[in-house]
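J.: Below is one structure. I have some questions about it.
The values are calculated or read from the model by the stated rules, or taken from the named source; none is laboratory data. Bear in mind that the values here come from a model prediction, so they are computed numbers and not experimental data. Virtual Cβ from ideal backbone geometry, glycine too; neighbours counted across all protein chains shown.
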Amino acid sequence: MEDPSPTPDRDKCGRCSGAKCCTYITEPLGTPRSKADFDLLLWQVSHEHIEIYKDSDGWFLLIHGRCGHLEADGRCAIYDQRPRICRDYDNAWCEFDEPAEKHFQLHFRDHAELLAYCRKRFRRWDSSPAQ
Ligand code: SF4
Ligand code: SF4
């Protein structure tokens, strides 16, 4: 979310094709524990562009979607007015250096992947529906 313009002090962003950090958002989830919790996650991950992951900070919804302000050349169209979260993003070590997925402890890209996890986690997943 740093300025992707190819200025000398932001050379790294200038070399980053696609500006990955501007193409998705994440939202924290409460830690799922019950079958009902996972039933809700199964519904969420059934939707297009939605994934779920867990890392050392907890569980998150990952929502793929290019920011409407990201220009074709990778620049931010509202750079001077960009939101605080974009201003605070530190590119010292970012997805240009390694994919965020490397630190995922769990990652569910679709309903099938999460359902397989639920069946392993809850022995009677199929025989007793979530309440
Ligand atoms: S992923 Fe890193 S290098 Fe690429 S635009 Fe974002 S902050 Fe810059
Ligand atoms: S507002 Fe600008 S810096 Fe922030 S995500 Fe959108 S394009 Fe990236």
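J.: Let me spell it out: the conditions are (1) touching a Ser or Thr at 6+ places or on another chain (Cβ under 8 Å); (2) part of a loop (DSSP other than H, G, I, E, B); (3) more than 12 Å from ligand 1 (Cβ to nearest atom), and THR31 meets all of them except one. Which number is the exception?
T.: (1)
J.: Going by the conditions given, is ARG82 within 15 Å of ligand 1 (Cβ to nearest atom), touching a Cys at 6+ places or on another chain (Cβ under 6 Å), of a type in the set (Lys, Arg) and more than 30 Å from ALA130 (Cα to Cα)?
T.: Taking the combined requirement at face value, the residue satisfies it.
J.: Going residue by residue through the range 75-84, is there one that turns out to be crowded, with 16+ Cβ neighbours inside 10 Å, at pLDDT 95 or above, among the basic types (Lys, Arg) and over 30 Å from PHE122 (Cα atoms)?
T.: So far as the range 75-84 goes, yes, one or more of its residues are crowded, with 16+ Cβ neighbours inside 10 Å, at pLDDT 95 or above, among the basic types (Lys, Arg) and over 30 Å from PHE122 (Cα atoms).
J.: So which residues in the range 63-77 are over 11 Å from CYS22 (Cβ atoms) and away from ligand 1 (no atom under 15 Å from the Cβ)?
T.: The one that is over 11 Å from CYS22 (Cβ atoms) and away from ligand 1 (no atom under 15 Å from the Cβ): ILE63.
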